[in-house]
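Q: One structure follows; several queries about it will come next.
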Amino acid sequence: MDQDVINNQSTKKCPFCAEEILADAVKCKHCSSSLITNVSESGKIKTLSCDKCGGEMARRRVATNTTPACISLVLGFLVLFWFWPLGLVFIFVGIIMGVTSKRYWICRKCSYKIEKL
């Protein structure tokens, strides 16, 4: 069945293993090599260009939930003296919220930020 699908669509040869693959393929199904120039062998994107200014974008980890984490920690320490189990819960939640972060692509020129891949 795979051969019928390949026959109906345009194909090309993989530059790494020389097997026949679909022309739209971004990764070879035979040798798992990446066929896109801005993707490394491990499958991770190396560079990305900005949609707004065309500059180079870099992958950065940005902390999220910093304000709620601080509030939770302060409340945790205040409540700790009156009702310690609830205080410990607030402190635990504050720590968990403080260490979470998201990965963004940030433009080096205009600081445009996108959450992608």
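Only the coordinates and a few stated rules stand behind these numbers; no lab work does. On a predicted model such as this, the values are computed, not experimentally measured, just so you know. Note that we place each Cβ from the backbone using ideal geometry, even for glycine, and neighbour counts take in every protein chain shown.
Q: I'd like the Karplus ³J(HN,Hα) series for the stretch 16-21: coefficients 6.51, -1.76, 1.60, θ = phi - 60°, whole numbers in Hz, and an x wherever there's a Gly or Pro.
A: These are the phi-based 3J(HN,Hα) values: 9, 10, 6, 7, 6, 9 Hz.
Q: For every other residue with a beta carbon closer than 11 angstrom to the beta carbon of GLU19, add +1 if it is Lys or Arg and -1 if Asp or Glu, then tell me the sum.
A: +2
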